[in-house]
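The block underneath contains the structure these notes are about, expressed in structure tokens.
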Amino acid sequence: MVDLHGGPNSAITQVPLDDTSYVHRKALFKYEFYDSVYSGSYPSDGLSFLNGWVSTITDTMADTQFSPVGMYINYADPTLTADEAHTAYVSICLIFLLEG
């Protein structure tokens, strides 16, 4: 799923990045990578496939204006460690949240 999100004329981008804990103000769109099984068990290679799909998108964005690539907490990844989640979900706003 692709969510159109911001852009130069969006109200989302009008608020400075460090004014709130919302880290995605400069995002133009968001991808949701989702997989499920409607019958039976989830395949043993399912997460490897899904993570490969995500990497195909995010690895190409590493050295662009969209870097660092973050994650939106509403699309939570339960496989992340606490440190990975802090970096992925709140990255630049973590200090703001801790000082809050």
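No lab work stands behind these numbers, since they all come straight from the coordinates. From a predicted model like this one, the values you see are computed outputs, not experimental measurements. Cβ: placed from backbone, ideal geometry, glycine included. Neighbour counts: every protein chain shown.
Couple of notes before you dig in:
- Cα-centred dipole magnitude for the chain, charges only on beta-carbon of K, R (+1) and D, E (-1), debye, nearest 20: 260 debye
- Angle between the chain longest axis and helix 46-58 axis [Cα atoms, degrees, rounded to 10]: 30 degrees
- Rg and Dmax [Cα atoms of the chain; Å; Rg one decimal, Dmax integer]: 15.3, 47
- Local net charge near Tyr34, Cβ-Cβ under 14 Å (Lys/Arg +1, Asp/Glu -1): -3
- Cβ-based net charge around Asp3, under 15 Å, with every Lys or Arg adding one and every Asp or Glu removing one: +2
- Potential extension, Thr64-Gln14 segment - 0.36 nm per residue separation minus Cα distance: 15.9 nm
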